[in-house]
Number of protein chains: 2
Amino acid sequence: MPVPLLKESDVDVLVIGAGPAGLMCAQGLARAGVNVRIIDKRPGKVAAGQADGIQPRTIEVLQSYGLAERLLREGNQMHMAAFYDPSPQGGIHRTGRAPDINAPTARYPFEVTLHQGAIEAIFLDCLRSFGKEVERPVVPESIEVTTDPVVLKNPQAHAITVAIKDLDAPGGTEIIHAKYVVGADGAHSWVRKEMGIAMEGEQTDYVWGVVDMIPDTDFPDIRNRCAIHSNNGSCMIIPREGDVVRLYIQLTDQDVRNVTGRVDMGKFNAEKLLEVAKKSFYPYRIKAHGDVQWWTIYIIGQRVAAKFASHERVFIAGDACHTHSPKAGQGMNASMNDTHNLIWKLTHVLRGWADMSLLKTYEFERRKYAQDLIDFDRKFAALFSSKPKSEDNPDGVTQEEFLDAFRAFGAFTSGIGIQYAPSLIVNATHQTVASRLIIGGRILPQSVIRAADARPFELQDLLPSDTRFKILVFTGDIRDASQMEKVNELANKLGREDSFLRKFGKRQDEVYDMFSICSTRKEEVNYTDMPPILRSHWSKVLLDDIDSTGKIGGGVYDKYGIGSEGAIVVIRPDGYVGVVAPLNDVTDLERYFSGFSVKS
Amino acid sequence: MPVPLLKESDVDVLVIGAGPAGLMCAQGLARAGVNVRIIDKRPGKVAAGQADGIQPRTIEVLQSYGLAERLLREGNQMHMAAFYDPSPQGGIHRTGRAPDINAPTARYPFEVTLHQGAIEAIFLDCLRSFGKEVERPVVPESIEVTTDPVVLKNPQAHAITVAIKDLDAPGGTEIIHAKYVVGADGAHSWVRKEMGIAMEGEQTDYVWGVVDMIPDTDFPDIRNRCAIHSNNGSCMIIPREGDVVRLYIQLTDQDVRNVTGRVDMGKFNAEKLLEVAKKSFYPYRIKAHGDVQWWTIYIIGQRVAAKFASHERVFIAGDACHTHSPKAGQGMNASMNDTHNLIWKLTHVLRGWADMSLLKTYEFERRKYAQDLIDFDRKFAALFSSKPKSEDNPDGVTQEEFLDAFRAFGAFTSGIGIQYAPSLIVNATHQTVASRLIIGGRILPQSVIRAADARPFELQDLLPSDTRFKILVFTGDIRDASQMEKVNELANKLGREDSFLRKFGKRQDEVYDMFSICSTRKEEVNYTDMPPILRSHWSKVLLDDIDSTGKIGGGVYDKYGIGSEGAIVVIRPDGYVGVVAPLNDVTDLERYFSGFSVKS
């Protein structure tokens, strides 16, 4: 009998693992038209439980891909946090309420909770709209990156060989030649191990239980995020979609550890977890209405991978490179934001627009964030797991300390605080030109008015994650003749053959999208006055003005710290400010794009 | 050979005509679970052209059925109007810009333009989600309403016999026994003629041309609604979805009439229409980029049907009972709002909840509105068709007169101004209790905060068109003991067996949905303090407060003119305020519901 030929194929990017990090990656690449495949070892998608909190910044990111609408429709929103402490009369009492999100610039000033299966379904339907499906149950069996330096340096080479096996097909092994591989295969990542990347950090001693249920209770804050410190242990409430509520319940060593000190899952069940919770809730009563939907026990681990990439060919993302406590609601958010950072970089390199050096910034930016996150998480978890301060426990944490920490950590818990350090793609030289924009931070949400039709828009919605750099030209008031002269000069410079616009974009609108933002009033502006290179379409001229109701818009120059003389702001394809320049000097823009762009 | 049996069937409601009025009707009834069929003589849906402006109030109505999201995504928005007049230098010049919508309470302060085919597609997909399709091409052949008074009085009797014919099926005649028929079959309505209902009013002398195209122009207001008065005729610009623009072009008698004085379509074509427009635009240039997409010529007719119903069994709606000029953007809006008014009334009667007398209010409310609309339209059309005032034409209309009229007509052009007169279902006795709410007008949009989780909501979104009456109990501050006492008293009254809540609703939540709205702060309220009959679910307690950002909500008591002593506001299933009562006296509520409700 003839030996059957092994199935063999080429792909640009192979994503391993279809959790939030992998799905975000695959949808972003598919959207960009990249040749991508995604495999997962699980036969079906997650049905319940697991991570479920979406932070304000992550909602902005999902919105930039057009995916937030459904999330907001299906999910629960947490707007308020409530704090409970031991009461002098015994049991607990409320010491205060505060906004759940402390990030004044948040576009969505709340967190969304929705079970992971529903979140994954949003991505799966999105992938389907691009004609892609997750291939499952499929496991990777081997991975090999070429050692040939010439091949490694060629961004278009299929430098990686991966053998995968379709578990549903007998003998279903396939050899895939991939240009790039993204390992988003979870905390026990196979890709990470194959690449020999170590996890750094350790597990803590904190053990927590989690219960998802529809509660029957007289507790007045059951639909708010609650931090309950009682003399019978700590508890956190995370309200979820519909009438479901999640409880995080602090467990003691005697609750969960066997004589050898190891956590013994067998010692526990949902009823026992609820018994512990009931003691914390006293004098309020709480029980499950019907069955408990899901429960688990976990030990907090806080670890970061030593490297996030191998040869700029194989990348790891999500739980594969960082794990932390779920209570700060960070895990899934960090995971999706990892690959959000990577999507456009892979796309630009694959299209031949950018040098492979661009890929080095993935580890540089995301590993630092993961480390900062762990540091934050360590403090937060310790604080939350501590006993409340009392006469018996003078070293305990006071409600004030906890509340202060809760507020100070707002930038982290909201995800808004991400600021990437200076690099190839973050140039903060001209910070003063837009003094209130954080270079390396995400572009601040702000309503603007479109000049041609006075329609208000959230600026972020005009800057979608479409892999293009966005160039915002703040022209000042174009009815001012001297300012108009500067704008015309800029238009001339940008129109030259050696301008970055012409040099690095095959067609200008493939790599860049450009808007002009004038400080002229909507009643007086004629969008037709803007030089053509600054308005490729009637929709590209915007105004710093209020809308017809006087309620929306106005103040973008002020909010970004831009004066009447104008400025140019370049926003990376992932929504982070890359570089800022004065209106009359594009030298730094040329330098910025020359740093990683490839001539077309 | 045996004679083939004629197909025969029963239906609760037969809708004839699948334009905007018929589609609105069918989706509303299907949504309510009513047994409905809809037929149309056209083989396919409208592809381009025809009416296309959706007013702010109609957007609210579509939103109440969950249909606004797609409209807003696909449509163009008109926020600004611009006015052009003859310039002393020749040609035209801009005399000013003003908000397109002058209705301070509009939730959507703009009009949406989208071609009728796209609007119908929203309805068709919605119908499909309820398992319904428009049957086409199907024509009605005969209609007969029984003359037996006993049958006519029985709301559940199949009192109407309609023969229809499927044009695609040979011998496809079917006899339908319907309880009710809605004739939404256009300006040449077959149903209207069969019922012997006359149209009152007449055609005007105004002849206009319409052109849809993508323009190539230097006119700076091409994306605004424009009223251009030139010495070469009037022109109106209505920007549309994508880059399409619609021009309404005033034509002179010599342009279009033949020697006998009749309008001769053969005298015209798209190029000739554009030639007329070009003269009005001078000194700006305008031409079509590519082909003209659609064009027509029409004479303004302003007519209202003498009756809107026959025996409370056969109703006519939309163009079948009123026609007017398209420039005020009224036609399609009035049509959809006709059947929006009828849907819940038919549903309540069919479910045995309401007396047939409820159906009389359809003609009472909608015919008066149609007449008011025609009066308005007559003035507006005359004004718009007039020559501008000048030395040669001292009787012409000045720009100021036109602008004043444009502003004064804001309530009509927005659709916000609809106020139904007192009737069985509009009781204005206690107007002073909610002094700023218009009884018979739509409930004013307003953001409120949900007590249990501090999440902000637009109140209108909590009052969807689900055929239920909405009872809003404004409780005042429930932390005030004397106010809480009144609330408890009310709860006791509502809980009695002879209360309207119990008497007229098989299950309370089938006919009524109830919310309480407290003036307690979100940091202090416990939703669990509200008596159970006023909170059937944790989501039913609302607050007059601002959200965590301080930007949304607050002021609902003030906006509605309700004092700290509270009030009860009943909102009809179509979103119009039906009756208002003081917190301590439900007599008028009992009287209101007893007027048309049937005991269960």
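So which residues in the stretch A:494-538 are among the basic types (Lys, Arg) and buried (at least 17 other Cβ atoms within 10 Å of the Cβ), if there are any at all? Give the derivation first.
If we filter the stretch A:494-538 for residues that are among the basic types (Lys, Arg), which is where we start, we get A:496, A:502-503, A:506-507, A:521-522, A:535.
Correct list: A:LYS522, A:ARG535.
Give the stretch A:255-268 a look and list any residue that's under 35 Å from the mean Cα position of the chain (by Cα) and either at positive phi or in contact (Cβ under 8 Å) with a residue 12 or more places away in the chain (or both), or say none. Explain how you work it out, then say what you get.
Kept after step one, since they are under 35 Å from the mean Cα position of the chain (by Cα), are these residues of the stretch A:255-268: A:256, A:262-265, A:268.
Of everything in the stretch A:255-268, those that are under 35 Å from the mean Cα position of the chain (by Cα) and either at positive phi or in contact (Cβ under 8 Å) with a residue 12 or more places away in the chain (or both) turn out to be A:VAL256, A:VAL263, A:MET265, A:PHE268.
Can you confirm whether B:LYS493 is more than 14 Å from chain A (Cβ to nearest Cβ) and in contact with a strand residue (DSSP E or B) (Cβ under 8 Å, 6 or more places away or on another chain)?
Values: more than 14 Å from chain A (Cβ to nearest Cβ): yes; in contact with a strand residue (DSSP E or B) (Cβ under 8 Å, 6 or more places away or on another chain): no.
Taking the combined requirement at face value, the residue does not satisfy it.
If you scan the stretch B:97-106, which residues turn out to be surrounded by fewer than 19 Cβ atoms within 10 Å (Cβ to Cβ) and either of a type in the set (Val, Ile, Thr) or part of a loop (DSSP other than H, G, I, E, B) (or both)?
Pass one, the stretch B:97-106, residues surrounded by fewer than 19 Cβ atoms within 10 Å (Cβ to Cβ): B:98, B:104-105.
The answer is B:PRO104, B:THR105.
Taking A:HIS93 as meeting all but one of (1) touching a strand residue (DSSP E or B) at 6+ places or on another chain (Cβ under 7 Å); (2) within 14 Å of chain B (Cβ to nearest Cβ); (3) touching a residue at least 12 places away in the same chain (Cβ under 8 Å); (4) not aromatic (Phe, Trp, Tyr), write down the number of the exception.
Unmet for A:HIS93, out of (1) touching a strand residue (DSSP E or B) at 6+ places or on another chain (Cβ under 7 Å); (2) within 14 Å of chain B (Cβ to nearest Cβ); (3) touching a residue at least 12 places away in the same chain (Cβ under 8 Å); (4) not aromatic (Phe, Trp, Tyr): (3).
Is there a residue in the stretch A:198-217 that is more than 25 Å from the chain's Cα centre (by Cα), open to solvent by 10 Å² or more (accessible area, probe 1.4 Å), among the acidic types (Asp, Glu) and within 11 Å of chain B (Cβ to nearest Cβ)? Break it down into steps so the answer makes sense when it comes.
Initially, the stretch A:198-217 is screened for residues more than 25 Å from the chain's Cα centre (by Cα), giving A:204-209, A:211, A:213-217.
Retained after the next criterion (residues that are open to solvent by 10 Å² or more (accessible area, probe 1.4 Å)): A:204-206, A:214-217.
Adding the requirement that they be among the acidic types (Asp, Glu) leaves A:205, A:216.
Okay, now just the ones that are also within 11 Å of chain B (Cβ to nearest Cβ), so none.
No, the conditions are met nowhere in the stretch A:198-217.
If B:LEU403 satisfies all but one of (1) in a loop (DSSP other than H, G, I, E, B); (2) at pLDDT below 80, what's the number of the condition it fails?
(1)
From A:ARG407, A:ARG436, grab the single residue that is touching a Phe, Trp or Tyr at 6+ places or on another chain (Cβ under 6 Å), not assigned by TED's automatic domain parsing to the domain that holds A:ASN337 and not hydrophobic (A, V, I, L, M, F, W, C). Can you show your working first?
Details: A:ARG407 fails: touching a Phe, Trp or Tyr at 6+ places or on another chain (Cβ under 6 Å).
Criteria check complete, one pass: A:ARG436.
To keep it simple, each residue is scored yes or no on (1) open to solvent by 40 Å² or more (accessible area, probe 1.4 Å); (2) free of Cβ contacts under 8 Å to residues at least 12 places away in the same chain; (3) of a type in the set (D, E, K, R).
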| site | (1), (2), (3) |
| --- | --- |
| B:LYS540 | no, no, yes |
| B:ASP544 | no, no, yes |
| B:GLY566 | no, no, no |
| B:VAL570 | no, no, no |
| B:LYS599 | yes, no, yes |
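Which residues, counting only those in the stretch B:107-142, are charged (D, E, K, R) and assigned to a helix (DSSP H, G or I)?
Of the stretch B:107-142, the ones charged (D, E, K, R) are B:107, B:111, B:120, B:125, B:128, B:132-133, B:135-136, B:141.
Selection gives B:GLU120, B:ASP125, B:ARG128.
Filter the stretch A:445-466 for residues that are hydrophobic (A, V, I, L, M, F, W, C) and assigned to a loop (DSSP other than H, G, I, E, B); which is nearest to the chain's Cα centre (by Cα)? Spell out the reasoning first.
Of the residues in the stretch A:445-466, the ones hydrophobic (A, V, I, L, M, F, W, C) are A:448-449, A:451-452, A:454, A:457, A:459, A:462-463.
If we keep only those that are assigned to a loop (DSSP other than H, G, I, E, B) too, we end up with A:451-452, A:454, A:463.
Details: A:ALA451: 32, A:ALA452: 34, A:ALA454: 32, A:LEU463: 16 Å.
Only one residue fits best here, namely A:LEU463.
Restricting to the stretch B:454-480, give me the number of residues that are open to solvent by less than 10 Å² (accessible area, probe 1.4 Å) and in contact with a His (Cβ under 6 Å, 6 or more places away or on another chain).
1
Okay, residues lined up against (1) modelled with pLDDT of 95 or more; (2) open to solvent by less than 20 Å² (accessible area, probe 1.4 Å); (3) in contact with a helix residue (DSSP H, G or I) (Cβ under 9 Å, 6 or more places away or on another chain):
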site: A:LEU71; (1), (2), (3): yes, yes, yes
site: A:MET78; (1), (2), (3): yes, yes, no
site: A:ALA82; (1), (2), (3): yes, yes, no
site: A:PRO86; (1), (2), (3): no, no, no
site: A:GLY90; (1), (2), (3): no, no, no
site: A:THR95; (1), (2), (3): no, no, yes
site: A:TYR108; (1), (2), (3): yes, no, yes
site: A:HIS115; (1), (2), (3): no, no, no
site: A:ILE119; (1), (2), (3): no, yes, yes
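Say we look at the stretch A:234-274 and pick out the residues that are open to solvent by 60 Å² or more (accessible area, probe 1.4 Å) and charged (D, E, K, R); which of these is farthest from B:HIS537 (Cα to Cα)?
Here the residue is A:ARG262.
Residue by residue through the stretch A:282-297, note down the ones that are buried (at least 17 other Cβ atoms within 10 Å of the Cβ) and polar (S, T, N, Q).
Hit for the stretch A:282-297 is A:GLN293, nothing else.
Step by step: first the residues of the stretch B:277-327, then only those that are of a type in the set (S, T, N, Q) and not in a strand (DSSP E or B), then the one that is farthest from B:VAL207 (Cα to Cα). Which residue is that?
B:GLN293
Kindly provide the set of residues from the stretch B:323-336 that are touching a Leu at 6+ places or on another chain (Cβ under 9 Å), at pLDDT below 95 and crowded, with 22+ Cβ neighbours inside 10 Å, ordered by number. Can you show your working first?
Let us first name the residues in the stretch B:323-336 that are touching a Leu at 6+ places or on another chain (Cβ under 9 Å), namely B:324, B:328, B:330, B:334, B:336.
When the remaining residues are screened for being at pLDDT below 95, the result is B:324, B:328, B:330, B:334.
B:HIS324, B:GLN330, B:ALA334 - these are the residues of the stretch B:323-336 that are touching a Leu at 6+ places or on another chain (Cβ under 9 Å), at pLDDT below 95 and crowded, with 22+ Cβ neighbours inside 10 Å.
Being part of a strand (DSSP E or B) and open to solvent by 10 Å² or more (accessible area, probe 1.4 Å) is the filter here, so list the residues in the stretch A:164-197 that pass it.
Narrowing the stretch A:164-197 to residues part of a strand (DSSP E or B): A:164-166, A:173-183.
Scanning the stretch A:164-197 gives A:LYS165, A:ASP166, A:THR173, A:GLU174, A:ILE175, A:HIS177, A:LYS179.
Hey, could you check the stretch B:409-431 for residues that are of a type in the set (S, T, N, Q) and over 27 Å from B:GLY595 (Cβ atoms) and say which is most open to solvent (accessible area, probe 1.4 Å)? Walk me through how you get there before you give the answer.
Restricting attention to the stretch B:409-431, the residues satisfying the condition of being of a type in the set (S, T, N, Q) are B:413-414, B:419, B:423, B:427, B:429, B:431.
Then keep just the ones that are over 27 Å from B:GLY595 (Cβ atoms); that gives B:413-414.
Details: B:THR413: 16, B:SER414: 0 Å².
Among those residues, the one meeting the criterion is B:THR413.
Out of the stretch B:311-322, which residues are open to solvent by less than 10 Å² (accessible area, probe 1.4 Å) and at negative phi?
Looking only at the stretch B:311-322, we keep the residues that are open to solvent by less than 10 Å² (accessible area, probe 1.4 Å), and these are B:313-318, B:320-322.
Within the stretch B:311-322, B:ARG313, B:VAL314, B:PHE315, B:ILE316, B:ALA317, B:ALA320, B:CYS321, B:HIS322 meet the criteria.
What residue, among those in the stretch B:96-114 that are in contact (Cβ under 8 Å) with a residue 40 or more places away in the chain and more than 17 Å from the chain's Cα centre (by Cα), is nearest to the other protein chains (Cβ to nearest Cβ)? Explain how you work it out, then say what you get.
Applying the first criterion (in contact (Cβ under 8 Å) with a residue 40 or more places away in the chain) to the stretch B:96-114 yields B:96-98, B:100-103, B:105-114.
Right, trim to more than 17 Å from the chain's Cα centre (by Cα) and you get B:96-98, B:100, B:102.
Working: B:GLY96: 8, B:ARG97: 5, B:ALA98: 8, B:ASP100: 7, B:ASN102: 9 Å.
Among residues in the stretch B:96-114 that are in contact (Cβ under 8 Å) with a residue 40 or more places away in the chain and more than 17 Å from the chain's Cα centre (by Cα), the one nearest to the other protein chains (Cβ to nearest Cβ) is B:ARG97.
Which residue pairs have Cβ atoms closer than 6 Å, lie 6 or more positions apart in sequence or on different chains, and pair a first residue in the stretch B:446-460 that is within 8 Å of chain A (Cβ to nearest Cβ) with a second residue that is in a strand (DSSP E or B) and open to solvent by 10 Å² or more (accessible area, probe 1.4 Å)?
These pairs meet every condition: B:ARG455/A:GLN77; B:PRO456/B:SER447; B:PRO456/B:GLY553.
Contact list please: Cβ distance under 7 Å, first residue in the stretch A:130-150 and at positive phi and surrounded by 11 or more Cβ atoms within 10 Å (Cβ to Cβ), second residue of a type in the set (Lys, Arg) and modelled with pLDDT of 95 or more, pairs at least six apart or on different chains.
Sorted first by the residue in the stretch A:130-150, then by its partner, the list stays empty.
The values are calculated or read from the model by the stated rules, or taken from the named source; none is laboratory data. These numbers were taken from a predicted model, which means no experiment stands behind them. Here the Cβ is made from the backbone with ideal geometry for all residues, glycine too, and neighbour counts use every protein chain on show. Note: accessible area is taken over every heavy atom of the protein model, side chains too, but ligands, DNA and RNA are not part of it. Shrake-Rupley method; radii C 1.70, N 1.55, O 1.52, S 1.80 Å.
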